[in-house]
Amino acid sequence: MTYARILATGSALPDRVVTNADLEKIVDTSDEWIRTRTGIRERRIAADGETTGDLSFRAAQQALADAGVKASEIDLLVLGTTTPDLIFPSTACLIQHRLGANGCTAFDVNAACSGFVYALGVANNFIRAGQSKKALVVGAETLTRMVDWSERETCVLFGDGAGAVVLEASGEPGILATCLHADGGYKDLLYNPVGVSVGFKDEKNHGVRITMKGREVFKFAVKTFDALVGETLAAAGMQESEVDWLIPHQANLRIIEATAKRLKMSMDRVIVTVDKHANTSSGSVPLALDAAVRSGRIQRGQNLLLEAFGGGFTWASALVRY
Ligand code: ACO
């Protein structure tokens, strides 16, 4: 049996920190409202000219260095993002060239906030099928570029960042199960109304912006994670008690707490970075994973449950023996 094992992780964040107090100066909000509703205290925002590709490149370089793998050894690069640098080529192609992994399979996956977990699921299947031996999987976003800074309902929620993992084909257990889902029937609850084919302005002359029915998204996320936990454990043939760490999408602390409760996990076994990073969409899960690996909380041999949801709706999970 061939597994995809995580050799190493990496991450990158923009330098600029924007606190809730900073946002109080822009929109009618308060630190107290943001903290109690979401758990967010601050977020990082990309500098002018700093792109998803730049953050991806830095995260990938760190993961490759820690894995002791040369870029030229990578035969697959999958990048989850909904904020690519260009419409084409894909950001995966852009960073492939910067890293020096030219020639390997490289493509982006757009599953909104589930982008990284989707990308991980795709790479896992390439490795299991024998089509890849060493893969680089990245989740990266500059989502604040789509934020309307006059809309308090959304602008307080998001941040920028990237995370990456290097996977290797191995006889030792690595990724044990992945579950990837989507239901386009929920499109209107969370979407960006403009694009190449429909045009870059909507009927109200609005440009790019995140449109969200927050309360409905919240309810759906809690319900979905509940079902996803059961499905993923069953797919891996595991019990709740065997999961060492929950690494959830970092959108809202209340959603994370509800999932932990479902798993009967105390919050000290849940990786939380939403306070510092806010919602970085595809960047969120790999950023949290890397933070926990670097701090020494996650140890080799432990079982990790990764899960995400986002616009689409999409929702996805991975159960990983680290
Ligand atoms: N500051 C102060 N007040 C605010 C703010 C703000 N930033 N935003 C909204 N409010 C007000 C509203 O206007 C409303 O006022 P009203 O009662 O006078 O009408 C009140 O606060 C309550 O608003 P709700 O939307 O009902 O607040 P809720 O408790 O649902 O929290 C939130 C809103 C935080 C957005 C929550 O619903 C949530 O986290 N939803 C999930 C969001 C999410 O995870 N999105 C994923 C996006 S991922 C992707 O794919 C891009």
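The values are calculated or read from the model by the stated rules, or taken from the named source; none is laboratory data. None of the values given here were measured: they were computed from a predicted structure. Neighbour counts are summed over all protein chains in view; Cβ atoms, including those assigned to glycine, are modelled from backbone coordinates with ideal geometry. Surface accessibility is based on the protein's heavy atoms, side chains included, excluding ligands, DNA and RNA. Shrake-Rupley method; radii C 1.70, N 1.55, O 1.52, S 1.80 Å.
Summed over the range 1-48, the residues that are within 20 Å of the chain's Cα centre (by Cα) and of a type in the set (Ser, Thr, Tyr) give a count of 3. Exactly one residue out of GLU231, GLU240 is under 16 Å from LEU305 (Cα atoms), surrounded by fewer than 19 Cβ atoms within 10 Å (Cβ to Cβ) and touching a Lys or Arg at 6+ places or on another chain (Cβ under 9 Å), and it is GLU240. Is there a residue being within 25 Å of ILE87 (Cα to Cα) and in contact with a Gly (Cβ under 8 Å, 6 or more places away or on another chain) anywhere in the range 198-210? Yes: one or more hits.
Residues checked against (1) open to solvent by less than 10 Å² (accessible area, probe 1.4 Å); (2) in contact with a Cys (Cβ under 7 Å, 6 or more places away or on another chain); (3) over 16 Å from HIS249 (Cβ atoms):
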{"position": "ASP75", "(1), (2), (3)": "no, yes, yes"}
{"position": "ILE95", "(1), (2), (3)": "yes, no, yes"}
{"position": "ASP108", "(1), (2), (3)": "no, no, yes"}
{"position": "GLY121", "(1), (2), (3)": "yes, no, no"}
{"position": "ALA129", "(1), (2), (3)": "no, no, yes"}
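Pairing each residue of the range 201-224 that is over 13 Å from ASP188 (Cα atoms) and free of Cβ contacts under 8 Å to residues at least 60 places away in the same chain with any residue that is near the ligand (Cβ under 8 Å from one of its atoms) and outside any strand (DSSP E or B), provided the two are 6+ apart or on different chains, yields C-beta distances under 7 Å for PHE218/ASN252; PHE218/ILE255; VAL222/ILE255.
How about the range 72-92: which of its residues are without any contact (Cβ under 8 Å) to a residue 40 or more places away in the chain and either among the aliphatic types (A, V, I, L, M) or within 22 Å of VAL285 (Cα to Cα) (or both)? Within the range 72-92, PRO84, ASP85, LEU86, SER90 meet the criteria.
When GLY185 is evaluated against the numbered criteria (1) without any contact (Cβ under 8 Å) to a residue 24 or more places away in the chain; (2) open to solvent by less than 40 Å² (accessible area, probe 1.4 Å), which criterion, by number, is the only one it fails? Condition not satisfied by GLY185: (2). Quick check on ARG145: is it within 16 Å of the ligand (Cβ to nearest atom), open to solvent by 20 Å² or more (accessible area, probe 1.4 Å) and in a helix (DSSP H, G or I)? Answer is yes for this residue.
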